[in-house]
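All remarks here apply to the structure that follows.
The values are calculated or read from the model by the stated rules, or taken from the named source; none is laboratory data. For clarity, every value in this text was computed on a predicted model and none was experimentally measured. Here the Cβ positions follow ideal geometry from the backbone for every residue, glycine too, while neighbour counts run over all protein chains shown.
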Amino acid sequence: MTALARPTEGRMIGGVCAALARRFGTTPTTMRVLFVASCLLPGPQFLLYIALWILLPDESRKHSSAW
């Protein structure tokens with residue numbers, strides 16, 4: 001499994017679904033469909049997405065801060 005970071009390429013809004021897809025070895029489209037389907041259920045899905053958007057490091061900043 002790879003480190004959890006929002007990618008600079010292949011992201012649509014914040015890159016959260018693309019990061020989770022890379023982490024769990026699935027496609028970003030599958031992860032986006034699962035997220036939209038989960039929004040039909042009651043719960044804090046949008047708040048979780050926003051929290052992950054804020055908390056997950058951006059892939060470009062992760063590599064540049066290593067030096």
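Quick look at the numbers
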{"quantity": "Residues (modelled with pLDDT of 90 or more and surrounded by fewer than 16 Cβ atoms within 10 Å (Cβ to Cβ)) located in the range 12-34", "calculated": "Arg23, Phe24, Gly25, Thr26, Thr27, Thr29, Thr30, Val33, Leu34"}
{"quantity": "Odd one out for Ala37 among (1) of a type in the set (A, V, I, L, M); (2) at pLDDT below 90; (3) farther than 24 Å from Arg61 by Cβ", "calculated": "(2)"}
